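A short reminder: the numbers here are calculations on the coordinates, not readings from a lab. Quick caveat: nothing in here was measured; it's all calculated off a predicted structure. Cβ sites come from the backbone with ideal geometry, for glycine too, and all protein chains shown count toward neighbours.
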Amino acid sequence: MDHAMVLREHDRQLREHARPDGPESRVERSGPVVRQVSSALGWNGVLWSALDAAGADAAIAEQVAYYSDLGREFEWKTYGHDEPADLGSRLLAAGFTAEPEETVMVAETAALDLDGRVPDGVRVVRVTDAAGVEQVAEVHEKAFGADASRLRHRMLAQLAGTPDTVLAVLALAGDEPVSSARMELVPGTDFAGLWGGGTVEAWRGRGIYRCLVAHRARAALEHGYRYLQVDASDDSRPILGRLGFAPLTTTTPYVYTP
């Protein structure tokens, strides 16, 4: 894989020319900044910027004022190669809070190991209705210890308005949801994104995460997506590396709360 080319296409297709991530969202360009605006429960934030040292602080202040007028918390999603090099420090100085850094990992879908075996006693099902979304939210809250209100709202809106852009899966032990994950299919691009893979603590270490990655990768291949992209935590990065994913860059979210 030509990493430099893939990084350029990742930035161009998914960031600079981003599409809204749901039916309730819109993408706007404001000078050197591309941002998404959603409802209060949707994702609001900066997707891409082309800044230099001279104009960065003014651009940051403009976005803070814009989202503050809307009463929206928002995220400035930075990447390791973004300019200026001290963008993160400037965001902190403007009142943002940094969240943990993740590694952007990418693989050519056709080159992946797609033989993830479902552990004994576990079955994988696709999520197609509100009951399934509720089970995904249940797993998310147990696996990550985080409120799933935004995830629940987003998935319900996607399934109702743009069902072809999301594929969510559940791993069930009997009728108990023990792991969940989703894939965002971005029309008109070469990329599908893997998001939200989480397993409840008692079921970790059995290969379920790997199985759900393989399941979604097979679906991406069927839909004609050349690349799979993941914002990987330190826990998931080794598993993804063994499956064939390679690091592309890093990403750090900076969050501003009015």
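Laid out as a table, the results:
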{"quantity": "Sequence of 179, 25 once ranked by neighbouring C-beta atoms within 10 Å, starting from the fewest", "calculated": "25, 179"}
{"quantity": "The chain - convex hull of alpha carbons, volume per residue in Å³", "calculated": "119"}
{"quantity": "For the chain, size of Cβ-based charge dipole, Lys and Arg +1, Asp and Glu -1, in debye", "calculated": "540"}
{"quantity": "Relative contact order, percent, segment 78-194 [alpha-carbon distance under 8 Å, six or more residues apart]", "calculated": "21"}
{"quantity": "Degrees separating the helix 56-70 axis from the principal Cα axis of the chain, which is the longest one", "calculated": "70"}
{"quantity": "Stretch gain in nm, segment residue 126-residue 237, where the contour uses 0.36 nm per residue and the Cα spacing is subtracted", "calculated": "37.5 nm"}
{"quantity": "Principal-axis tilt of helix 130-144 within the chain, Cα atoms, nearest 10 degrees", "calculated": "70"}
{"quantity": "Hydrodynamic radius (Kirkwood) for segment 108-249, which is based on Cα pairs only, to one decimal in Å", "calculated": "15.2"}
{"quantity": "All-pairs Cα distance distribution in segment 125-181, expressed in whole percent, bin size 5 Å", "calculated": "4, 22, 32, 25, 13, 4, 0"}
{"quantity": "Cα-based helix-to-principal-axis angle, 149-161 vs the chain, degrees rounded to 10", "calculated": "80"}
{"quantity": "Relative contact order (%) - the chain, alpha-carbon pairs under 8 angstrom, separation at least six", "calculated": "27"}
{"quantity": "Two-site label geometry, residue 222 and residue 147: point separation in nm, points 7 Å out along Cα→Cβ", "calculated": "3.6"}
{"quantity": "Cβ charges +1 (Lys, Arg) and -1 (Asp, Glu), total dipole of segment 84-128, debye", "calculated": "260"}
{"quantity": "Sum of side-chain charges, residue 44 neighbourhood, beta-carbon under 13 Å (Lys, Arg +1; Asp, Glu -1)", "calculated": "0"}
{"quantity": "Per-selection Kirkwood Rh - segment 1-110 (Cα, Å, 1 d.p.)", "calculated": "15.0"}
{"quantity": "Rel. contact order, % - alpha carbon contacts under 8 angstrom, at least six apart, segment 139-201", "calculated": "33"}
